[in-house]
1. Exactly one condition in (1) hydrophobic (A, V, I, L, M, F, W, C); (2) at the interface with chain A (Cβ under 8 Å from one of its Cβ atoms); (3) open to solvent by 20 Å² or more (accessible area, probe 1.4 Å); (4) in a loop (DSSP other than H, G, I, E, B) is not met by B:Phe385; state its number.
2. Run down B:Asp183, B:Asp137 and say which single residue is out of contact with any Cys (no Cβ under 9 Å at 6 or more places or on another chain), modelled with pLDDT under 95 and among the acidic types (Asp, Glu).
3. Quick check on my filter: what residues within the range B:154-203 are under 18 Å from B:Gly234 (Cα atoms) and either hydroxyl-bearing (Ser, Thr, Tyr) or assigned to a strand (DSSP E or B) (or both)?
4. Does any residue of the range B:112-119 turn out to be within 30 Å of B:Ser277 (Cβ to Cβ) and either touching a helix residue (DSSP H, G or I) at 6+ places or on another chain (Cβ under 6 Å) or assigned by TED's automatic domain parsing to the domain that holds B:Gly334 (or both)?
5. Can you name every one of the strands (runs of 3 or more DSSP E) wholly within the range A:283-347 that holds 2 or more residues which are on the phi < 0 side of the Ramachandran plot and surrounded by fewer than 21 Cβ atoms within 10 Å (Cβ to Cβ)?
6. Could you tell me how many of the residues in the range B:236-252 are farther than 13 Å from B:Val212 by Cβ and either touching a strand residue (DSSP E or B) at 6+ places or on another chain (Cβ under 7 Å) or open to solvent by 60 Å² or more (accessible area, probe 1.4 Å) (or both)?
7. Among the residues of the range A:396-427, write down those that are under 37 Å from the mean Cα position of the chain (by Cα), assigned to a loop (DSSP other than H, G, I, E, B) and of a type outside the set (A, V, I, L, M).
8. Just the residues that are under 21 Å from B:Leu362 (Cα atoms) and either modelled with pLDDT under 95 or open to solvent by 30 Å² or more (accessible area, probe 1.4 Å) (or both), please, taken from the range B:102-115.
Protein chains: 2
Amino acid sequence: MTDAAPPARPEARSPRGFADRRGPDVAAERRIVARVTEVYERWGFEPLETGAFEYADALGKFLPDADRPNEGVFALQDDDDQWMALRYDLTAPLARFAAQNWETLPKPYRRYAFGPVWRNEKPGPGRFREFVQCDADTVGSDRPEADAEIIAMACEGLKAAGLAEGQAVVRVSNRKLFDGLFDAGGVTDPVQRLTALRAIDKYDRLGWEGVVALLGEGRLDESGDYTKGARLPGAVADTIRAFLGSAGEGTRAEALDAIARVGGLGAAGEAALNELSGIDRALTSMGVDQAAVRFDPTIVRGLEYYTGAVFEAELLLETTDDKGRAVRFGSIGGGGRYDDLVARFTGEATPATGFSFGVSRLASALRAAGRNEAATRGPVVVIVFDEADMQHYLDAVAELRRAGIAAELYLGRAGMKAQMKYADRRGAPAAVMLGGNEIAAGQVTIKDLDAGRALAAGLADNEAWKAARPGQQTVARDALVQTIRGIIEDSSITRSPRG
Amino acid sequence: MTDAAPPARPEARSPRGFADRRGPDVAAERRIVARVTEVYERWGFEPLETGAFEYADALGKFLPDADRPNEGVFALQDDDDQWMALRYDLTAPLARFAAQNWETLPKPYRRYAFGPVWRNEKPGPGRFREFVQCDADTVGSDRPEADAEIIAMACEGLKAAGLAEGQAVVRVSNRKLFDGLFDAGGVTDPVQRLTALRAIDKYDRLGWEGVVALLGEGRLDESGDYTKGARLPGAVADTIRAFLGSAGEGTRAEALDAIARVGGLGAAGEAALNELSGIDRALTSMGVDQAAVRFDPTIVRGLEYYTGAVFEAELLLETTDDKGRAVRFGSIGGGGRYDDLVARFTGEATPATGFSFGVSRLASALRAAGRNEAATRGPVVVIVFDEADMQHYLDAVAELRRAGIAAELYLGRAGMKAQMKYADRRGAPAAVMLGGNEIAAGQVTIKDLDAGRALAAGLADNEAWKAARPGQQTVARDALVQTIRGIIEDSSITRSPRG
């Protein structure tokens, strides 16, 4: 429209830590969300969707390792000068929503939610600044049955998503056990307590040697980063070590006995043991296996807002990394009781408990556990030979779609060979060819691309397949749908899911 | 944990223009997305999810009425000082993605996407700063069949979402018609052209009187806001009026004839008529009804990036507002051909065409068209009488869930009456009562809440229902699932969807 010099071209790239996801990855994550939400709705949880932004003061500063204002979040000032920030999890918005609508909500309020959350952290391999979380929470119940329900439902959700029995465990503990330990050891500074909890949260990864450094002066990690320690008195660190060492592999009741025997847990610790005992009773009433949910005093969770029971779901598989080295997959989700989050707004104590998992991370866990399913199939591609025959191509596409078969007309301008390559890259089960001869004879030629791929992948015996499935066949035009259906159904049976 | 004074309590509120959506609204929108994406996948479109943020230079400045940098978007500076912004639509991220991955994509590339987009505009009633869009686009095809496919698929998607035949129309035109008019009238300034197009885009709302003011000096609206006009020569405005007046109600071919008869459309106009004629041919080959897709020269679309065909889907209903006044619902989606968006990055012309709709807006349209479906049903609620009988309650809940019936245990601490009120507010079809007497006798009492609601709403005849459906019945404990199922299935038949 104008003769002005063209403007400089921007580079086509996305900001660091933000990923593009295409067909099969999107399908795998949607499958997880669909199956888990089916479970959550069957357990009586209702959906809630809140906006991406919250006022910064409503979000609070509960992100691990974020001590400066707005650190760790994407924040900006609205035109009325109020600071708002993208949610970093789904719990803070729930607390705000529950406080805002408390009078009119049915109580207890059970809700589930899924959607993106944003963390303004340093991105790295497999570490994104945007990811989808899926949460379920009960607000307004102090009953141990509410915690047990969340835990049991999380187990059922993970199983529905695809994890087999024994591939995951939920470990449970209670923050008040540490409150008791800290009380007994005279550690009263909340910052010191939080630093110590975050140190203990790394027990799994750093072992005792790393944790004790973080409970004391601090720790220099391999990358050269120095983390300031909690500076706990040595005697307290010793008690913590004994306490962490009480982790047994027996039943939940045996684990509680072992913890009780450590002693020195004070009033808060007694309360914790009572709560855990109630959760055990409810889990057992619900028929939840001892192997599926364990009590484990090393479980802490890094978030400040937990006030009671804490849960962590872990993948129970030794997996291998890119270089074939054995690695522990670790946590795939977690949660706990946070009785003070709603009270931040209302001033009134409102018990709440919930569980959260990252959808991409669960998808990775399913891959690691060998539980991912067959890749999604592309559409049947109808080849274009001659503009003049467009009506015939469009009719074939429409007929396939009406039969519920995904189908498309090739819409580029390339020749036959390129169209075949296109069909193959689209993952088409078959290509449909309506050349002049076929049209004149009332026929259609169908190329079986699934068979070709199965042969190429060594999934099928060459001779047997060649006999059973002609690579290409010409059939009567009115046998189009039936022939394509035969190819698709046959392939569903014979081809293995991708490993 | 600390004796410090409690911090000031934040107010529980969300930023203006960001909405919370609960159960039934979420369910209605998810139903739309699920049905439309089923259609789009059957037409061979694959899903793509991109991140919320794009670099500001990659997004470009294509928002209507946003002339200052970063106006209209939520932008912030990354820690490497680059400006990034939340996407304001799904087209700009697609163009960036396609440019970035062009070499490895199967071409033409068909993708669909849905997800939130953000506009930093003044919020108002029904006007949000975050909303979910659903888009389908074909990149890499200049064929009129590609436009026709998008239009026909949009029609099928709207129908799948719930609109009946005749409740919506897609109106189609071509931007090059105006290019021809402007060329002929000597209007070469691109800003002037864009201002004029945006004025014409308001024809539907303002009528010719409003448009002609905006084509000239400018217009003062009722709220006192002054909009600067395009200052077109009077003769050009006259031609535009004649052109807009050519809109006929005949077939697509008749509409093209009428436009051609206006004349003075120049070379660009001739190209537009050829393209529209190709689209008409393809639509007719696809069996798309003349009433479902019309050609209409008043269709412009406000976005700068369209280069050829433009589409607008409109709800064909007189609806009434809160005060019972008749209002036109207007546009429920639109799109068009934007052949230059990918070239912004690559410098190489890459044809592209697509259609987009707002999911909440379509949900409103379905409501206005009387096409919304029965509200989702809440879970069966099991009442808690006595802590000691918890095992019986948990067993009942588990049994219902295993039978695929959504069920929950009441987890608060309120009495029987409050629990019944809770069950009713949850939309429970029934409440399950296992008091001491029932348990001792191997029985269960079931209160039919659906029947109660139907009676209260006047949906059922009192006498007939009372005879057929006891409000409360005590049955053998092992008839629990069967009895609840009877209530649910009976209700599905008798109760009408909410209007």
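1. Unmet for B:Phe385, out of (1) hydrophobic (A, V, I, L, M, F, W, C); (2) at the interface with chain A (Cβ under 8 Å from one of its Cβ atoms); (3) open to solvent by 20 Å² or more (accessible area, probe 1.4 Å); (4) in a loop (DSSP other than H, G, I, E, B): (2).
2. On inspection, the qualifying residue turns out to be B:Asp183.
3. B:Thr188, B:Thr195, B:Tyr203 - these are the residues of the range B:154-203 that are under 18 Å from B:Gly234 (Cα atoms) and either hydroxyl-bearing (Ser, Thr, Tyr) or assigned to a strand (DSSP E or B) (or both).
4. Looking through the range B:112-119, at least one residue is within 30 Å of B:Ser277 (Cβ to Cβ) and either touching a helix residue (DSSP H, G or I) at 6+ places or on another chain (Cβ under 6 Å) or assigned by TED's automatic domain parsing to the domain that holds B:Gly334 (or both).
5. Per the criteria, A:309-320, A:326-337.
6. 2
7. Selection gives A:Gly404, A:Tyr410, A:Arg426, A:Gly427.
8. B:Phe114
The values are calculated or read from the model by the stated rules, or taken from the named source; none is laboratory data. As the structure is a prediction and not an experimental result, all values here were calculated from the model. No Cβ is skipped: glycine too gets one built from the backbone with ideal geometry, and neighbour counts run over all protein chains shown. Heavy atoms of the whole protein, side chains included, go into the accessibility calculation; ligands, DNA and RNA do not. Shrake-Rupley method; radii C 1.70, N 1.55, O 1.52, S 1.80 Å.
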